[in-house]
Each structure stands twice: as C-alpha cells, then as structure tokens.
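To keep things clear, I will list the structure first and then write my remarks on it.
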Amino acid sequence: MDSKFLSAGGIIVSRQIFFTLLILSFLFACRQEKQKDPQMDQLQKDVKQLSGENQRLLKELQNLREELKQQTQPVPAKKTISRQEMTMEQMKADVEPVLKEAILRIKKTAETPSKDKQYGMRIEYDLANAVYGLQKNEGFSPSAKVIVKYEKFLESDKDSRSYGSGSSIFVFAYHNKQWVLQSYE
C-alpha cells in the first residue's frame, strides 16, 4: 500500500510542478511579449502626454474663468441715480420744478395784457392733474413725458371768457444728473 500511495503522491506532486511550470512559463512569455511590443510603449507614452496636456488645459481654463469673474465683478457704484434706479416718484419730484419754470416762460411769451377796450389772452395750466410718464431704454439716459391740460382765456378789464382748451406735451431728458426740457408741443 505504501508503494501505491507514494506513486499516487508522486503523480500529484509532479502534476502540481507541471502546472506551476506551465503558469510560470505563461507569465514569463506574457512579460516578454509585453516588453517586446513597441506599440504598447508608444501608446503608454501617448497616454502620459495627453494626460499632461489635459491637466495643462484644465489649469488654463480655470485661470480664464477667474479672469472673467474679476472682469464681471460690479464696480462700486456712486450714490447717483442711474438709469436703472430712476423711479417714477424721483422723476416727478425732479421734473416738477423744471416744468413750472418752463410753463412760466411759455406764459410770458404767449400771454398778452388787456389794454383799454382790447382783450388780452391768459393761459392757465392744470399742473395738479398733469400726467407723467417715465421711459427707460437700455444704454440711453431716461426720459420723461408730461402732458398738461391748459385753457386759454380772453380777458378785459371787466370780462373773462374761455377761448379754448387743449394739452401740451413736455419732453424732458436726464442729462448730467439733472432733468432738461427737450421740447414741448
């Protein structure tokens, strides 16, 4: 029995040695094949080069993004009224004195005094019911349009009659931090 056991054990050991040698020879052959393949070496070099270039491009992209953020950061604004900040209430408050001044100049040139038996002309503007409009255009200064009703009167020393009524349109522009009369109809 001992002889069979030894021969069976000898066969098992020789078989294990054979498989071990076969695996080692396969690994050795693969390693030699890998070392001999010039395409694999070139591919590995290309992968390394592309990885390095990719990293460089990512850094450049990040630098460009940082520069763009710095350029688009808002500049601290002064405490002046900008085109976007102009409100209807601010416009009304700023335009009203300029409007009254313009109406006074118009009245001085258009009104005539009455003399003896001749009639004179007087104009009354209804500022209390004036209609204000604010126009904001991107890239341009704001402008305002004010519509004011008026009534003309013929007057003498003894009599006053309505001669006609209508409305005047005043157009203002915001220029150098103040409202300026551009035109009126």
Self-check item: Top-ranked residue of the range 106-120 - restricted to ones that are assigned to a helix (DSSP H, G or I) and surrounded by 11 or more Cβ atoms within 10 Å (Cβ to Cβ), ranked as nearest to the chain's Cα centre (by Cα)
Solution: Ile106
Practice problem: Could you check how many residues of the range 165-185 are more than 33 Å from the chain's Cα centre (by Cα) and of a type outside the set (A, V, I, L, M)? | Solution: 6
Quiz item: Restricting the search to the range 133-164, which residues are part of a strand (DSSP E or B) and more than 46 Å from the chain's Cα centre (by Cα)?
Solution: Glu151, Lys152, Phe153, Leu154, Glu155, Ser160, Arg161, Ser162, Tyr163, Gly164
Practice problem: Could you grab me the full set of residues in the range 86-105 that are touching a Pro at 6+ places or on another chain (Cβ under 8 Å) and either under 22 Å from Glu151 (Cβ atoms) or part of a helix (DSSP H, G or I) (or both)? | Solution: Met91
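Just to be sure before I move on: is Ala144 among the small types (Gly, Ala, Ser) and surrounded by 11 or more Cβ atoms within 10 Å (Cβ to Cβ) in the structure I sent?
Numbers: among the small types (Gly, Ala, Ser): yes; surrounded by 11 or more Cβ atoms within 10 Å (Cβ to Cβ): yes.
Yes.
Every number here is computed from the coordinates shown, using simple stated rules; none is lab data. If you're wondering where the values come from, they're calculated on a predicted model, not measured in any experiment. Note that we place each Cβ from the backbone using ideal geometry, even for glycine, and neighbour counts take in every protein chain shown.
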